[in-house]
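**Student:** The following block contains the structure, expressed as structure tokens.
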Amino acid sequence: KIINKFNELLDRVIPEEFKGKWNVKVENGTVAFGSAFHNWAVSVPRMKKTNLGFKDVYNYCKNNDQKSLAKRSPIHEVVLDMVIHHLPPPNVAQKYRIPHIWRGDLTSSLGKSMVECNENGPLALMVTKIILDPHAGEVAIGRMFSGKIQRGQELYVIGMPNKNRVQQVNVMVGPDRIPIDYVSAGNIVAATGIRDAIAGSTVTDNIDAEPFERIVHVSEPVVTVAVEAKNMKDLPKLVEVLRLISKADPSIQVQINQETGENLMSGMGELHLEITEYRIRNDHKMEIVCSEPIVVYRETVSKPSPYKFEGKSPNKHNRFYIEVEPMPDNIVKAIYNNELPENVKKYKKETAKILQDLGMDKEVAKGVFGLHGLNIITDTTKGIQHLFETRDLIMEAFDEVMKSGPTVSEPCQGILVKLVDAKLHEDAIHRGPAQVIPAARNAIYGAITISEPTLLEPMQKVFISTPQEIMGDASRELNSRRSEVKDMKTVGDSVEIEAKAPVAEMFGFASAIRSATGGRVLWNTENMGFEPLPRNLRDDVIKKIRERKGLKPEPYPAEYYMG
């Protein structure tokens, strides 16, 4: 049953050309049975080699002699055999992987070198993890797709201006790092000295190289706590610790407000933040005080703008006319799944084609010049003089609004912003950043305000396995949290419940469900994205968030942004 379910899930996500080829079977040794805790494992090839049968395994376990079983069939040997015989080597895998994770020119010297896994080609390293070592500092761990990395090399982290000098080159052997002279293409490297790198960074010897696609996380930060240093003198240390933690764990987001001194830390859930707080206190020896967890909301719009909204520059010489509309779910999903290039300006034609295939109007798709999160900005104007020169400034205004919407200053999601008209002063001195950015920003804010702005709240799937006799207690606990039961089935003596619940209602669920059921249930959660906040709760939530952020109780009306 488990193997069939695994193969079914695998077929859903793998590329079409590999369907059926990667399925696992007991007979060919792609499945092993064992205990990681007791250090033993068996597979069909291992059983043939050692003349060990399932009956022998059963007897070892029955006689409580799993130590002898571990000596006869150690888990590391079984897993290593599986890796050697069934996982493709890098020079095979990179031929089909590179086109999926790198959008550059495959006929270029770097493209060819990565496809061939050539150790003599240009250097290309993708950093997948940063670990913090008490002696060596930040250690960047990643895969070498091309070239060689060695001590003393000066390399670039794409997107950062300065060179980074490699101090040490190591290979990881379990938790240990073994220093070596160099690491070549196809291997995993642990390097120190690459201080600008974070998880997902591209490291090369050419600053103009095309970066790898960003790493997409299944879950995203939906719960936030405010973090303060217990002693004010430790504040600079806390800022540095938070910076290091966000580098080491990319699913933790840190916001440091230099004006208010507030440090916000967002994670995937209550437990994720509790573990991070524990690490700050124990690994970094910092005394901290954390607020109660709060939910991260998203802002969006419910309908297209009824008219184009005008934003004026402070000198009144420049005007931008903006319309916004909700983005179709399939386009939002495509952006989330990394199907669109990050640099839409560079890959304009490719972006337009993908968006047209997803159902976007041809002219709207051709005008796209920016992405921020799950939002798009497009230019549908025709022949407006000097507009191209102001595009980067309009993009700055767009980024600013998408980071902090007009309703509760939370990030925006699923909004298509259209620049439909503009009037610009012919003299460049009168259309600089101080004029263009406020005008474009107010136009976008105003357009959102007239398009029925609403809030999206994070949701979770909740899976519960409970004995039948206490199913009612588990169900009552779920029902008290605005949850919706999606599926319920009986498996043997247990009932498996699958429900959907808002993250805001799940605080304290672990202790509550333990208490309600005497600790006899197994449960876990899974990120489920964002859904519109019920209308009856909206006004109260908006008011509370604005008060917490020190804003006026009511959002500004559209007239406020007219200038």
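Every residue, every condition in (1) more than 22 Å from Ser465 (Cβ to Cβ); (2) loosely packed, with under 12 Cβ neighbours inside 10 Å; (3) among the polar types (S, T, N, Q), yes or no:
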residue	(1), (2), (3)
Ala504	yes, no, no
Arg514	no, no, no
Phe530	yes, no, no
Asn536	yes, yes, yes
Val541	yes, no, no
Ile545	yes, no, no
Ala558	yes, no, no
Met562	yes, no, no
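**Student:** If you check Gly472 against the conditions, is it small (Gly, Ala, Ser) and not in a helix (DSSP H, G or I)? Write out each step before concluding.
**Tutor:** Working: small (Gly, Ala, Ser): yes; not in a helix (DSSP H, G or I): no.
Spelling it out, it is not the case that Gly472 is small (Gly, Ala, Ser) and not in a helix (DSSP H, G or I).
**Student:** Identify, by number, the condition in (1) farther than 30 Å from Ser146 by Cα; (2) exposed (fewer than 14 other Cβ atoms within 10 Å of the Cβ) that Glu17 doesn't meet.
**Tutor:** Evaluating Glu17 over (1) farther than 30 Å from Ser146 by Cα; (2) exposed (fewer than 14 other Cβ atoms within 10 Å of the Cβ) leaves (1) as the failure.
**Student:** Going residue by residue through the stretch 263-271, is there one that turns out to be part of a strand (DSSP E or B), of a type in the set (Gly, Ala, Ser) and at pLDDT 85 or above? If you could, list the steps in order and put the result at the bottom.
**Tutor:** Looking only at the stretch 263-271, we keep the residues that are part of a strand (DSSP E or B), and these are 263-267.
Retained after the next criterion (residues that are of a type in the set (Gly, Ala, Ser)): 266-267.
Imposing the further condition that a residue be at pLDDT 85 or above reduces the set to 266-267.
Yes, the stretch 263-271 has at least one match.
**Student:** Further question: Give the stretch 317-376 a look and list any residue that's among the aliphatic types (A, V, I, L, M), within 24 Å of the chain's Cα centre (by Cα) and more than 24 Å from Pro211 (Cα to Cα), or say none.
**Tutor:** Met327, Leu358
**Student:** If a residue has to be polar (S, T, N, Q) and not in a strand (DSSP E or B) to count, how many in the stretch 116-174 make the cut? It would help to see each step written out before you state the result.
**Tutor:** At the first step, the residues of the stretch 116-174 found to be polar (S, T, N, Q) are 118, 120, 128, 146, 150, 153, 162, 164, 167-168, 170.
Next, from what is left, pick out any that are not in a strand (DSSP E or B): 118, 120, 153, 162, 167.
So the count comes out to 5.
**Student:** Turning to a different aspect of this structure: Within the stretch 420-444, track down each residue that is of a type in the set (A, V, I, L, M, F, W, C) and touching a Lys or Arg at 6+ places or on another chain (Cβ under 9 Å).
**Tutor:** Within the stretch 420-444, the first condition is being of a type in the set (A, V, I, L, M, F, W, C), and the residues that meet it are 420, 422, 424, 428-429, 434, 436-437, 439-440, 443-444.
Within the stretch 420-444, Val420, Ala422, Leu424, Ala439, Ala443 qualify.
**Student:** Of the residues Phe145, Phe212, which is buried (at least 17 other Cβ atoms within 10 Å of the Cβ), touching a Leu at 6+ places or on another chain (Cβ under 8 Å) and not charged (D, E, K, R)?
**Tutor:** Numbers: Phe212 fails: touching a Leu at 6+ places or on another chain (Cβ under 8 Å).
Every option except Phe145 fails the conditions.
**Student:** Of the residues Gly111, Gly142, only one is under 30 Å from Val241 (Cβ atoms), among the small types (Gly, Ala, Ser) and assigned by TED's automatic domain parsing to the domain that holds Ala191; which?
**Tutor:** Values: Gly111 fails: under 30 Å from Val241 (Cβ atoms).
Gly142 is the lone residue from the list that is under 30 Å from Val241 (Cβ atoms), among the small types (Gly, Ala, Ser) and assigned by TED's automatic domain parsing to the domain that holds Ala191.
**Student:** Just checking, does the stretch 283-304 include any residue being among the acidic types (Asp, Glu), buried (at least 21 other Cβ atoms within 10 Å of the Cβ) and either within 22 Å of the chain's Cα centre (by Cα) or not assigned by TED's automatic domain parsing to the domain that holds Tyr445 (or both)? Walk me through it before giving the result.
**Tutor:** Restricting attention to the stretch 283-304, the residues satisfying the condition of being among the acidic types (Asp, Glu) are 283, 287, 292, 299.
From the residues that got through so far, the ones that are buried (at least 21 other Cβ atoms within 10 Å of the Cβ) too are 299.
Filter once more, keeping what is either within 22 Å of the chain's Cα centre (by Cα) or not assigned by TED's automatic domain parsing to the domain that holds Tyr445 (or both): 299.
Yes.
**Student:** Okay, moving on. Would you point out the residue of the stretch 516-525, among those that are surrounded by 13 or more Cβ atoms within 10 Å (Cβ to Cβ) and not in a helix (DSSP H, G or I), that is farthest from the chain's Cα centre (by Cα)?
**Tutor:** Residues of the stretch 516-525 surrounded by 13 or more Cβ atoms within 10 Å (Cβ to Cβ): 516-517, 520-521, 523, 525.
Going one step further and asking which of them are not in a helix (DSSP H, G or I), we end up with 520-521, 523, 525.
Numbers: Arg520: 33, Val521: 30, Trp523: 24, Thr525: 17 Å.
That would be Arg520.
**Student:** Still on this structure, I have one more. Select, from Val203, Val222, the only residue that is touching a residue at least 12 places away in the same chain (Cβ under 8 Å), surrounded by 17 or more Cβ atoms within 10 Å (Cβ to Cβ) and touching a Pro at 6+ places or on another chain (Cβ under 6 Å). Outline the logic, then answer.
**Tutor:** Values: Val203 fails: touching a Pro at 6+ places or on another chain (Cβ under 6 Å).
Being touching a residue at least 12 places away in the same chain (Cβ under 8 Å), surrounded by 17 or more Cβ atoms within 10 Å (Cβ to Cβ) and touching a Pro at 6+ places or on another chain (Cβ under 6 Å) holds for just one of Val203, Val222, which is Val222.
**Student:** Cβ-Cβ below 7 Å, separation at least six or inter-chain, first residue in the stretch 329-342 and within 14 Å of Gln356 (Cα to Cα), second of a type in the set (A, V, I, L, M, F, W, C) and in a loop (DSSP other than H, G, I, E, B): which pairs?
**Tutor:** Asn330/Leu358; Ile331/Leu358; Ile331/Met360; Val332/Leu374; Ala334/Leu340; Ala334/Leu358; Ile335/Leu374
**Student:** Moving on to the next point. Cβ-Cβ under 8 Å, sequence separation 6+ or interchain: first residue in the stretch 5-32 and on the phi > 0 side of the Ramachandran plot and of a type outside the set (Ser, Thr, Tyr), partner modelled with pLDDT of 90 or more and part of a loop (DSSP other than H, G, I, E, B). Which pairs?
**Tutor:** So the pair list comes out as Gly29/Ser43.
**Student:** For the stretch 92-109, check the following and say yes or no: at least one residue is at pLDDT 95 or above and either assigned to a strand (DSSP E or B) or aromatic (Phe, Trp, Tyr) (or both).
**Tutor:** no
**Student:** Do we have any residue at all in the stretch 61-68 that's touching a Leu at 6+ places or on another chain (Cβ under 8 Å), over 30 Å from Glu116 (Cα atoms) and assigned to a helix (DSSP H, G or I)? If you could, list the steps in order and put the result at the bottom.
**Tutor:** Of the residues in the stretch 61-68, the ones touching a Leu at 6+ places or on another chain (Cβ under 8 Å) are 61.
Filter once more, keeping what is over 30 Å from Glu116 (Cα atoms): 61.
Now restrict to residues that are assigned to a helix (DSSP H, G or I): 61.
Scanning the stretch 61-68, I find at least one residue that is touching a Leu at 6+ places or on another chain (Cβ under 8 Å), over 30 Å from Glu116 (Cα atoms) and assigned to a helix (DSSP H, G or I), so the answer is yes.
The values are calculated or read from the model by the stated rules, or taken from the named source; none is laboratory data. Note that the coordinates shown come from a computational prediction; the quantities given were computed from them, not determined experimentally. When we count neighbours, we look across all protein chains shown, and the Cβ atoms used for this are built from the backbone with ideal geometry, even at glycine.
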